[in-house]
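Comments concern the structure below.
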Amino acid sequence: MITIIVRFTIPGEAVGKGRPRMSVVNGRGRMYTPGKTAQYEQLVKLAASEAMGGQSPTDQPVHLGIWVYLPI
């Protein structure tokens, strides 16, 4: 097993995962991710992608540790 350590910091204040929202378009229900959640997910994706340095995601088991620092 090869061990690869990837560490990265996501700038700004952490944003919790928002609940999916629903709207009606042409009489049909449409589910969508709230804008604040979608923007933060893109920020996480960008930070992780930069930290991976062009390496593709793995299909192997992953050990994940997360440290979140929030203001009091």
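Throughout, read-outs are computed from the coordinates displayed, never taken from laboratory work. Since the model is a prediction, treat every value here as computed from it, not as a measurement. Quick reminder, even Gly has a Cβ in these numbers, built from the backbone with ideal geometry, and neighbours come from all protein chains shown.
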(1) 46; (2) 30; (3) 41: which one is percent of Cα pairs over 21 Å apart as calculated from this entry?
-> (1)
Find how much the distance from Val24 to Lys36 grows on full extension, using 0.36 nm per residue of separation minus their present alpha carbon separation; answer in nm with one decimal.
-> 2.3 nm
Which GluC sites (Glu not before Pro) from the chain combine a DSSP loop assignment with at most 15 other Cβ atoms within 10 Å?
-> Glu13
Contour minus end-to-end for Thr3 and Ile66, with contour as 0.36 nm per residue of separation and end-to-end as the Cα-Cα distance?
-> 20.9 nm
On a 0 to 90 degree scale, rounded to 10, what angle separates helix 35-52 from the longest Cα axis of the chain?
-> 20 degrees
